Amino acid sequence: MKCMLIVVVAALIAVGGCRITKVCNSDGGMEIAQSENAAAEIRSSDVCFSDGLSVEKTTLVRNKLGFLTSTVTVRNRHGDPEDNGREDPFSFRYRFMWLNANGAEVLPGDSIWRIVTLGGGASERISDTAPTKEAVAYVLRFSHSR
């Protein structure tokens, strides 16, 4: 029985009847969470999203006026040498949410979604400054553009 299954699978592959397809979650995405004096934490809920977009660098500093400023560099992974020459554009939307010491969003509803399209292998620096000095952390949410 085991040998017959192997033969059937091999035959399907040989005639092109078997194809592996990634299932992408259009509601999924990725988020970066970071607070002062802590490393950024990157979480992804969609394998297709994290396959297409990589986080290259994050910085979080207080400016001279005492407001936190975050800069995140992201890159479209389609165009990497290991991506078999694919150079597909990658579109996504993002928004910053700034949090206070209790973990609550400061000025909820103040943040808007922004849309970006990156060419294959291209990078983009995304920056934002907290709306109040009370902010001690941020969450940067990414999702598929609609």
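The values are calculated or read from the model by the stated rules, or taken from the named source; none is laboratory data. These numbers come from a predicted model, not from an experiment. Quick reminder, even Gly has a Cβ in these numbers, built from the backbone with ideal geometry, and neighbours come from all protein chains shown.
Quick notes on this one:
- Residue in the stretch 53-70 that is under 14 Å from the mean Cα position of the chain (by Cα) and at pLDDT below 80 present: no
- Test: residue in the stretch 67-85 that is over 19 Å from GLY29 (Cα atoms) and in contact with a Leu (Cβ under 7 Å, 6 or more places away or on another chain): yes
- Scope the stretch 106-131; condition touching a residue at least 24 places away in the same chain (Cβ under 8 Å), more than 20 Å from LEU60 (Cα to Cα) and not hydrophobic (A, V, I, L, M, F, W, C); matching residues: THR117, GLY119, GLY120, GLY121
- Restricting attention to the stretch 79-136, the residues that are modelled with pLDDT of 95 or more and in a helix (DSSP H, G or I) add up to 0.
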